[in-house]
Structure formats: structure tokens, C-alpha cells
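Undergrad: Structure incoming, see below.
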Amino acid sequence: MPGVTGQVAGLVSAPCSAGVSSPAALSAGSHCLKGSMVTVYSKQDCQGCRMTKRKLDDLGVAYTVRDVEVDPDALGQVVALGYSGLPVVHTSAGEHWQGYRPDKLQALA
């Protein structure tokens, strides 16, 4: 179902026009980006987080948002990656970075 969006236990998924077929797929972590998944670790009142999500939206890149203020596992993942600030972007290809990085976001498109 193109354009499926959903929220599951602190996860918010942006629309994905290339293959998320159901809300169940969203909860299972299915996303589309040329075969890769993108996760943005974020929180409320974070300007860099808003800018990162806006840029991904503008580029048409599907992503999942994990709010570290409501999801302790998300916060643990950010710390495990070695970061203490947000946003943190993590791809299924193993690439990750902190902060608003339009150059790296563009490369995901």
C-alpha cells in the first residue's frame, strides 16, 4: 500500500512509496530505500532532528523515527553507537552519523 504511515511503540514511519505493504510490515521494521533501512534517532524540540527529517522528506527517502525520550531502547542504541547528541542517522548498511548532514542525507536518495 503506497504511502503507508504508522506509529508503533514510539516508532514513527514516514510514507514509503516503494513497497511497505501493511501496518504489520511497519511494525516489523520494513522500510524502503534501495533495499536499505534508515533510522533517525530524535527527540522533541530538536532543530537538527526536524531539519534532518525535512530533508529526508524532500528527498523522498523513507525512514523510521525513534524518539529517545519515549523509547529507552532507542536511547540505548544511540549510546551504543557512541553518540551523546541528536539527531543520529543509522542505515542498515552500517553507516551512522550525528547531526544534520545534508551531504550524507543526499547520498541516501
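Undergrad: Considering the stretch 74-104 alone, what residues qualify as being closer than 10 Å to VAL38 by Cα and in a helix (DSSP H, G or I)?
TA: Once the filter is applied, which keeps residues that are closer than 10 Å to VAL38 by Cα and in a helix (DSSP H, G or I), the stretch 74-104 yields nothing.
Undergrad: Further, regarding this structure: Do we have any residue at all in the stretch 81-90 that's out of contact with any Cys (no Cβ under 7 Å at 6 or more places or on another chain) and farther than 20 Å from GLN44 by Cα?
TA: Pass one, the stretch 81-90, residues out of contact with any Cys (no Cβ under 7 Å at 6 or more places or on another chain): 81-85, 88-90.
Adding the requirement that they be farther than 20 Å from GLN44 by Cα leaves 81-82.
Within the stretch 81-90, one or more residues are out of contact with any Cys (no Cβ under 7 Å at 6 or more places or on another chain) and farther than 20 Å from GLN44 by Cα.
Undergrad: Among the listed residues ALA25, ALA80, which satisfies the condition of being surrounded by fewer than 21 Cβ atoms within 10 Å (Cβ to Cβ) and modelled with pLDDT under 95?
TA: Within the list ALA25, ALA80, the selection yields ALA25.
This table checks each residue for (1) modelled with pLDDT of 95 or more; (2) in contact with a helix residue (DSSP H, G or I) (Cβ under 9 Å, 6 or more places away or on another chain).
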{"site": "LYS53", "(1), (2)": "yes, no"}
{"site": "ARG66", "(1), (2)": "yes, yes"}
{"site": "VAL88", "(1), (2)": "yes, yes"}
{"site": "SER92", "(1), (2)": "no, no"}
{"site": "PRO102", "(1), (2)": "yes, yes"}
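Undergrad: Identify all residues within the stretch 54-73 that are assigned to a helix (DSSP H, G or I) and either crowded, with 21+ Cβ neighbours inside 10 Å or among the acidic types (Asp, Glu) (or both); write none if there are none. Lay out the reasoning, then the answer.
TA: Filtering the stretch 54-73 for residues assigned to a helix (DSSP H, G or I) gives 54-59, 72-73.
Answer for the stretch 54-73, where residues must be assigned to a helix (DSSP H, G or I) and either crowded, with 21+ Cβ neighbours inside 10 Å or among the acidic types (Asp, Glu) (or both): LEU56, ASP57, ASP58, ASP73.
The values are calculated or read from the model by the stated rules, or taken from the named source; none is laboratory data. Bear in mind the structure is a predicted one, so any value in this text is a computation, not a measurement. Cβ atoms come from the backbone with ideal geometry, glycine included; neighbour counts cover every protein chain shown.
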